[in-house]
């Protein structure tokens, strides 16, 4: 399957391998959505809590306005789903088998008229420089 825009990821259970040019194209589209949103929530599916936290930290490192606290206190065994909320700064992680792997970004809006949109799954290293 060819990945040319964020919508191409919608039917996937796990993040695909992306070329450098695909990553650049998707990042431009994603950042337009992130910057237009009032806040985002981040879902990360990973093989371990360490990998999920590392992916979350890569997002915070790339965007100074997206920060989360108490990451050192997070722990779950095996495959995990991590959820972070930019608006509250809260992060939770739970063990969950049967998931794929990747990052899901949901753009949220203060106005009910604006519908939230989820993008992904993106590779766990998508936001690494």
- Evaluate the following for residue 26: is it touching a residue at least 40 places away in the same chain (Cβ under 8 Å), farther than 21 Å from residue 117 by Cα, in contact with a helix residue (DSSP H, G or I) (Cβ under 8 Å, 6 or more places away or on another chain) and not in a strand (DSSP E or B)? no
- State whether one or more residues within segment 118-125 are under 19 Å from residue 68 (Cβ atoms), touching a helix residue (DSSP H, G or I) at 6+ places or on another chain (Cβ under 6 Å), touching a residue at least 24 places away in the same chain (Cβ under 8 Å) and in a loop (DSSP other than H, G, I, E, B). yes
- Item | Count of segment 63-98 residues which are within 12 Å of residue 45 (Cβ to Cβ), under 16 Å from the mean Cα position of the chain (by Cα) and surrounded by fewer than 17 Cβ atoms within 10 Å (Cβ to Cβ) | 1
- Query: Got at least one residue in segment 26-45 being surrounded by 14 or more Cβ atoms within 10 Å (Cβ to Cβ) and over 14 Å from residue 105 (Cα atoms)?
  - Reply: no
- Item | Inter-residue pairs, beta-carbon under 7 Å, first free of Cβ contacts under 8 Å to residues at least 60 places away in the same chain and in segment 61-76, second in a loop (DSSP other than H, G, I, E, B), 6+ apart | 66/86; 67/89; 68/89; 69/89
- Query: Within segment 29-51, which residues are closer than 28 Å to residue 114 by Cα, under 15 Å from the mean Cα position of the chain (by Cα), in contact (Cβ under 8 Å) with a residue 12 or more places away in the chain and in a helix (DSSP H, G or I)?
  - Reply: 29, 30, 33, 34
- Query: Looking at (1) under 15 Å from residue 127 (Cβ atoms); (2) surrounded by fewer than 16 Cβ atoms within 10 Å (Cβ to Cβ), which is the one condition that is false for residue 59?
  - Reply: (2)
- Pair list, Cβ < 6 Å and 6+ apart or interchain, from segment 79-91 residues that are assigned to a strand (DSSP E or B) to residues that are surrounded by fewer than 16 Cβ atoms within 10 Å (Cβ to Cβ): 80/95; 81/94; 81/96; 83/92
- Message: So, in segment 52-76, how many residues would count as being in a helix (DSSP H, G or I) and touching a strand residue (DSSP E or B) at 6+ places or on another chain (Cβ under 8 Å)?
- Response: 6
- Does residue 100 qualify as being in contact (Cβ under 8 Å) with a residue 24 or more places away in the chain, on the phi > 0 side of the Ramachandran plot and assigned to a loop (DSSP other than H, G, I, E, B)? no
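Bear in mind that the values in this text are calculations on the coordinates, not laboratory data. Computed from a prediction, not measured in an experiment: that's the story for all the values here. All Cβ positions, even for glycine, are placed from backbone atoms using ideal geometry, and neighbour counts span all protein chains on display.
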